[in-house]
Amino acid sequence: MANEQTATMAAVAFEHVTKRFGDVTAIDDVNLAVEEGAFVTIIGSSGCGKTTLLKTVNALVMPDEGRVLVHGRATSKLNPIELRRSVGYAIQGSVLFPHLTVRQNIGYVPSLLNQRDRVRTHEAVEKWMDLVGLPAELAERFPAELSGGQAQRVGIARALAASPDILLMDEPFSAVDAITRTSLQDELKHIHQQTGITVLFVTHDIDEALDLGDRVLVMEGGRAVQYTTPGEVLHAPATAFVERLVTRKQSVYAR
Ligand SMILES: Nc1ncnc2c1ncn2[C@@H]1O[C@H](COP(=O)(O)OP(=O)(O)OP(=O)(O)O)[C@@H](O)[C@H]1O
Ligand SMILES: [Mg+2]
């Protein structure tokens, strides 16, 4: 019995999850489990439900049908504030607190948790700035004084500094140049390996999806149409959209 429980205890499990907005079915009967420590990349055309699916994990969206389990517990049964403490969320064009410095933004959650231990918060901020590749001299700047790529790093550091078990990332590297992007990808891979955190990462970039994910989820029209290894997606993409992305990639490599 104990074994059975361990075997079924995914970090995140979607059980026949459906979400509608009026006439639009944003999520259509999604049924899959994300293993503890997995790095899942999510790809599909615009409007296919990627962001909505992520938001069901931290209860920003509640399913109309089915349920989402986080470490075996239904989001409908969890206190959303507590849930969001263990589930980090880094979104595109990350919304930093404009009136707080970089240090205060990253230290926001740690300072709530360690109210009597400011040194600990200070150390956590230094550690995460270093890990996401932010120079220490940016610590006292305000968000308006950062480049787009720096602001994205601050958003990622802030999400990570809260020590989440699960990290939701919605096209987090979309606004940065190719070189910054590659270094952020490398840093994220490194952080994932170091911390064993479970990552759900939405991207429009097939290279990023195949390179970062140990599982790739392909979505179309709200449905999860493929959930498998990068190699399998490359050889047998489940949708015309992903096939086009993959074909372009294959033709580039063939040149
Ligand atoms: N709050 C909302 N109210 C009404 N419709 C919504 C809402 N949120 C999402 N939708 C609709 O649900 C569908 C899925 O949206 P979602 O944002 O999940 O797509 P996405 O895959 O993240 O797209 P993109 O790649 O453009 O970010 C879309 O048709 C969208 O218009
Ligand atoms: Mg989206």
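Every read-out reported here was derived from the displayed coordinates using simple, explicitly stated rules and does not represent laboratory data. In this text, all values refer to a predicted model and were calculated from it rather than measured experimentally. As a convention, Cβ positions derive from the backbone with ideal geometry for all residues, glycine included, and neighbour counts pool all protein chains shown.
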Charge-dipole axis of the chain as Lys and Arg at +1 and Asp and Glu at -1 on Cβ define it, positive-most pick from A59, H122, H190: H122
Dividing the mean separation of Cα pairs under 8 Å (6+ apart) by the residue count of region 2-254 yields a relative contact order in percent of 26
Among the lysines, which fall within straight-line cross-link reach of K249, defined as a Cα-Cα distance under 28 Å, with same-chain neighbours fewer than 8 residues apart omitted? K50, K189
Using θ = phi - 60° and the Karplus form 6.51 cos²θ - 1.76 cosθ + 1.60, what ³J(HN,Hα) does each residue of region 135-152 get, whole Hz, x for Gly and Pro? x, 4, 5, 7, 4, 9, 7, 9, x, 5, 9, 10, 6, x, x, 5, 4, 5
Which whole-Hz couplings ³J(HN,Hα) result when phi for each residue of region 187-202 is put into the Karplus expression 6.51 cos²θ - 1.76 cosθ + 1.60, θ = phi - 60°, listed in order with x for Gly and Pro? 5, 5, 4, 4, 4, 4, 5, 5, 9, x, 5, 8, 10, 10, 10, 8
Note, R103: beta-carbon cut-off 10 Å, +1 each Lys/Arg, -1 each Asp/Glu, net -1
Per residue, what volume in Å³ does the Cα convex hull of region 2-254 take up? 144
Excluding same-chain residues fewer than 8 positions from K55, which lysines have a Cα within less than 18 Å of its Cα? K19, K77
Value of [θ]222 nm, deg cm²/dmol, for the chain, DSSP H segments ≥ 4, -39500 (n - 2.57) each, nearest 500: -12000 deg cm²/dmol
Amide H contacts of A38 (H built 1.01 Å from N, under 5 Å, at least 5 apart or other chain): V199
Convex hull over the Cα atoms of region 144-198, averaged projected area in nm²? 3.9
Heads up, region 1-146 by the C-alpha gyration tensor (a ≥ b ≥ c square roots of eigenvalues; a/c under 1.5 rounded, else a/b over b/c prolate, else oblate) looks prolate
